[in-house]
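For reference, the structure discussed in these notes is given below.
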């Protein structure tokens, strides 16, 4: 269990507990970590929550732009 992985903007991680791939999109001045999942959903974690996540560093999906394009379509 890899708990306590430091967030790095633009890095991709896999949540082992939920089998979800996510990218860190921002680390806010207050310490919260903003992420976007490979499917397009967004979320945020405070630093304590992030530290408890079971994460591993992974390569990002090849087609990540696709979910973003769908969200922005009128």
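The table that follows gives values for the structure above.
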{"quantity": "Computed over the range 12-72: relative contact order in percent, which uses C-alpha pairs under 8 Å that are six or more apart", "calculated": "33 percent"}
{"quantity": "Cα-only Debye scattering, the range 12-72: base-10 log of I(q)/I(0) at q = 0.26 Å⁻¹", "calculated": "-1.15"}
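Any read-out appearing in this document is the output of simple, stated calculations on the displayed coordinates, not a laboratory observation. Predicted model, so just to flag it, every value in this text is computed and none were measured.
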